[in-house]
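Down below is the structure, laid out as structure tokens.
The values are calculated or read from the model by the stated rules, or taken from the named source; none is laboratory data. This structure is a prediction, so every number in the text was calculated from the model and none was measured. With ideal geometry, Cβ positions are generated from the backbone for all residues, glycine too; neighbour counts draw on all protein chains shown. Surface areas here come from the heavy atoms of the whole protein model, side chains and all, with no ligands, DNA or RNA. Shrake-Rupley method; radii C 1.70, N 1.55, O 1.52, S 1.80 Å.
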Amino acid sequence: MTFQLSEKTFKVPVDLFIENRQRLVEDLKTKVPQNSAVLLQGGIEKNRYNTDAADLPFRQESYFFWTFGVNESEFYGIIDVSTGKTTLFAPRLDPSYAIWDGKINDEKYFKEKYAVDEVVFNDSEQTIAQKLKALAVKQVYLLRAENTDSGDVLVEPKFAGSQDFQVNTELLYKVMAELRVIKSEKEIDVMRYASKIASEAHRAAMKHMKPGLYEYQLESLFRHTSYYHGGCRHLAYTCIAATGCNGSVLHYGHANAPNDKFIKDGDMCLFDMGPEYNCYASDITTSFPSNGKFTEKQKIVYNAVLDANLAVLKQAKPGVRWTDMHILSEKVILEHLKKAGLIVGDIDKAVEARVGAVFMPHGLGHLIGLDVHDCGGYMGDATPRSTLPGLKSLRTTRTLMERMAITIEPGCYFIDFLLDEALADPVKSAFLVKTEIDKYRGSGGVRIEDDVIIRASGNENLSDLPRTVEEIENFMASGEYTERVIESRVSEFLSK
């Protein structure tokens, strides 16, 4: 079977998850003894605070989804490492479920839908332990995963009878996170579609943009396009629909800054928004003027960021360390700012003094996949997280590898706090021309972000957008970008 929201959306084959399980078993066979099994717990649908209403439609936990592709909540799954056979444990639903929530499916339905060897209803607290014993399992590997960005921990599943087995909570995270870092071609197919839908939604927002709207109206259009034309029910993260000075607020769009600004003529727009399809994320940022015409100062900043983006896209290859790509992007941006008269001095020395972080305080990009900031950034050959400005915000320091999926998102911002701090610093201020920098204060910033698959033969940019100043101005000045046009473009993509 496959996942497909309708015939107008991408068809995700169940083979994607069969292949993921095979990759997991092959890796574990070299690391664990005989009579070993993996036990994973899926996500649980939760109500909002103390109400009886779900906050959002259920979205599966990412490690569980990577392994089984299960969309429903309250599932468990076992993989017998010796045989590779898979058992899913489905919740036993109350008969009233059929009244309020729809058909109650049987074991055969789930067995065929998810292409597993067996489905068992989780009828008692001993069901899982009984199955493990029937498989003659001695060692059980549970997933306990710490996120290296947030510090949040995915706690290992608890099950009755666990004392009868040797339990390991350390190995599985290292194995699964590393497997998720390198995408299969089937995973890339899904991500390619998610990024295509993100690109069409960005085009729709760009085309609809005009002074006099509010930021949230463009967010709304993006959401509509992603779902209506792409079947993307979930967003990968909170939309950043920043205009004018808000473009310098790196995580704009949250509760304290909820995309509510009135858009003025000449505002620079920075839209960082991405939907996910069947749990696979996209993450794309466009920057463009609200009136469709760049000013000379906007061109200077935009071209600095675009050149940094393109330089990294060209140089980021297997064997290249991501930290070096971050430094490259800083150098390119600073060269442009020097040419425009905002900074002076030797660029290498400016980078060493961390002047680049004054204008780009965030990291160059991050791994992407089932989570927008995907796991594994500080595994493998990653160097320890830096303590230096800018570099400490890198979400990975790894050497790039074939089929890594990563975002390339350089930016240049005019953040009063950072500018004032740097101008008061005797080392950094020697590189800064205050009178010229002051002319850009309040203008916000520019970020250009693409989703990229690293390949030795040449990187694949999954984004599909006008990027140069000329392309953006021509696109915004051209004819209508109607829903019929979007539907046609998505249909053409699916037919390839």
Of all the residues that make up segment 458-483, how many are more than 16 Å from ILE188 (Cα to Cα) and either small (Gly, Ala, Ser) or not assigned by the TED database to the domain that holds GLY230 (or both)?
3
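Residue-by-condition table, conditions (1) closer than 28 Å to GLU460 by Cα; (2) of a type outside the set (S, T, N, Q):
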residue	(1), (2)
ILE327	yes, yes
LEU337	no, yes
ASP371	yes, yes
CYS375	yes, yes
SER386	no, no
LEU419	no, yes
Residue pairs meeting the criteria (Cβ under 8 Å; at least 6 apart or on separate chains; first under 23 Å from ILE333 (Cβ atoms), in segment 359-383; second part of a loop (DSSP other than H, G, I, E, B) and modelled with pLDDT under 95)
HIS373/ASP149; GLY377/THR148; GLY377/ASP149
Test of understanding: among ALA136, ALA145, which residue is exposed (fewer than 14 other Cβ atoms within 10 Å of the Cβ), under 25 Å from ALA90 (Cα atoms) and touching a residue at least 40 places away in the same chain (Cβ under 8 Å)?
ALA136
Looking for something over 22 Å from ILE448 (Cβ atoms) and either surrounded by 22 or more Cβ atoms within 10 Å (Cβ to Cβ) or in the same structural domain as TYR481 (by the TED database) (or both) - is there at least one such residue anywhere in segment 158-172?
yes
Quick one: which of GLY231, GLY161, GLY212 is over 16 Å from the mean Cα position of the chain (by Cα), of a type outside the set (Phe, Trp, Tyr), modelled with pLDDT of 95 or more and closer than 30 Å to LYS138 by Cβ?
GLY161
Looking at ILE448, ILE437, ILE486, which is the one that is among the β-branched types (Val, Ile, Thr) and crowded, with 21+ Cβ neighbours inside 10 Å?
ILE448
Based on this model, can you work out whether LYS338 counts as under 20 Å from GLY444 (Cβ atoms), out of contact with any Lys or Arg (no Cβ under 7 Å at 6 or more places or on another chain), among the basic types (Lys, Arg) and part of a helix (DSSP H, G or I)?
no
With the condition kept exactly as written, say whether any residue in segment 391-411 is open to solvent by less than 10 Å² (accessible area, probe 1.4 Å), modelled with pLDDT of 95 or more and over 17 Å from TRP322 (Cβ atoms).
no
Going through segment 286-331 one residue at a time, which ones are closer than 22 Å to ILE437 by Cα, without any contact (Cβ under 8 Å) to a residue 40 or more places away in the chain and out of contact with any helix residue (DSSP H, G or I) (no Cβ under 8 Å at 6 or more places or on another chain)?
THR295, GLU296
Can you pull out every residue in segment 205-230 that is under 13 Å from ASP260 (Cβ atoms) and touching a residue at least 40 places away in the same chain (Cβ under 8 Å)?
LEU213, TYR214, GLU215, TYR216, LEU218, GLU219
Hits in segment 441-479 - residues which are β-branched (Val, Ile, Thr) and assigned to a helix (DSSP H, G or I):
VAL469, ILE472
Residues of segment 168-187 that turn out to be in contact with a Gly (Cβ under 8 Å, 6 or more places away or on another chain), farther than 24 Å from VAL155 by Cα and part of a helix (DSSP H, G or I), as a count
1
Of the conditions (1) without any contact (Cβ under 8 Å) to a residue 24 or more places away in the chain; (2) under 24 Å from ARG233 (Cβ atoms); (3) more than 28 Å from the chain's Cα centre (by Cα), GLU112 satisfies every one except a single condition; which number is it?
(1)
Of the residues in segment 1-26 that are out of contact with any Lys or Arg (no Cβ under 9 Å at 6 or more places or on another chain) and acidic (Asp, Glu), the one that is farthest from LEU494 (Cα to Cα) is GLU26
Determine whether segment 203-217 contains at least one residue that is in a helix (DSSP H, G or I), of a type in the set (Ser, Thr, Tyr) and not assigned by the TED database to the domain that holds GLY230.
no
In segment 465-483, which residues are modelled with pLDDT of 95 or more and not hydroxyl-bearing (Ser, Thr, Tyr)?
LEU465, PRO466, ARG467, VAL469, GLU470, GLU471, ILE472, GLU473, ASN474, PHE475, MET476, ALA477
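Report those strands (runs of 3 or more DSSP E) wholly inside segment 231-285 carrying at least 1 residues which are open to solvent by less than 50 Å² (accessible area, probe 1.4 Å) and without any contact (Cβ under 8 Å) to a residue 60 or more places away in the chain.
240-243
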Tally of residues being open to solvent by 60 Å² or more (accessible area, probe 1.4 Å) and within 17 Å of THR285 (Cβ to Cβ) across segment 451-483:
1
Looking at (1) touching a His at 6+ places or on another chain (Cβ under 7 Å); (2) surrounded by fewer than 19 Cβ atoms within 10 Å (Cβ to Cβ), which one does ALA304 not meet, given that it meets all the others?
(2)
Looking only at segment 163-170, decide whether some residue is within 30 Å of LYS392 (Cα to Cα) and not aromatic (Phe, Trp, Tyr).
yes
